[in-house]
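Before I ask anything, let me first share the structure, which is written out below as C-alpha cells.
Just so you know, all these numbers are worked out from the coordinates, no wet-lab data involved. All values derive from a computational prediction rather than experimental measurement. Neighbour counts run over all protein chains shown; Cβ positions are idealised from the backbone, glycine included.
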Amino acid sequence: MTYRSAIRKREGTCRFLPVDLRALRIRIRGTVRSDLPWGVLVSEGHYSTAEGEVPAGLNPQGAVFAKPGDGWGLGIKPGEFDFVCDFAPDGKTTLVNGTWEITQATPPVHAWLLHNGPGQWIWSIMEVRP
C-alpha cells in the first residue's frame, strides 16, 4: 500500500508526528557490513555492526545510516533494519516507491516517513480500522 492510496481510501485515522533525529533508532536484523573494500583499514564500528538496536540518522535524501557509537555512520540498505517507534514497536520497515513504510499487524498500523522541508521529517501514522 502506498501512502497516497491509503490516504485516498481513508482506511483509518491519520496523525502526524515530527521525527526527533537526535533520538532516531533502528533495529538491525543481522550483521551489516560496509560494501567498501577498504573497510578492513578502519575500526570495526565503522565497517560493520551486529544485530540489535542502534542510534540512526537520515541524510537529506532519506538514506538511513547507523551510528554505532563513535560518530561515524554506516549506510544501511532496505531490508537490513526496522525503525524503532513507540507507535509500532513490532513494525517491519520497507522502502515502497521511494518512501519508508512501517507496517505492523497487531494492532494494525501503517506509518510513513515523509520529508517536510530541509532537515525536517515527519511520521504519518495511520491506525487502520479493523
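Checking the condition surrounded by fewer than 18 Cβ atoms within 10 Å (Cβ to Cβ), in contact (Cβ under 8 Å) with a residue 40 or more places away in the chain and not hydrophobic (A, V, I, L, M, F, W, C), which residue from GLY52, GLY119, GLY98 passes?
GLY119
Hey, which of the strands (runs of 3 or more DSSP E) in the stretch 74-130, taking only ones fully inside, have at least 3 residues that are under 19 Å from ARG15 (Cβ atoms) and not polar (S, T, N, Q)?
99-104, 109-115, 121-128
Here's a follow-up. If you take the residues of the stretch 14-33 that are under 14 Å from the mean Cα position of the chain (by Cα) and part of a loop (DSSP other than H, G, I, E, B), which of them is farthest from GLY119 (Cα to Cα)?
ARG29
Of all residues in the stretch 101-115, which are closer than 19 Å to ASP20 by Cβ and in contact (Cβ under 8 Å) with a residue 40 or more places away in the chain?
Selection gives TRP112, LEU113, LEU114, HIS115.
Only residues in the stretch 18-35 that are over 19 Å from ALA50 (Cβ atoms) count as the first member; pair them with residues that are surrounded by fewer than 10 Cβ atoms within 10 Å (Cβ to Cβ), Cβ under 8 angstrom, at least 6 apart or cross-chain, and list the lot.
What qualifies is LEU21/GLY119.
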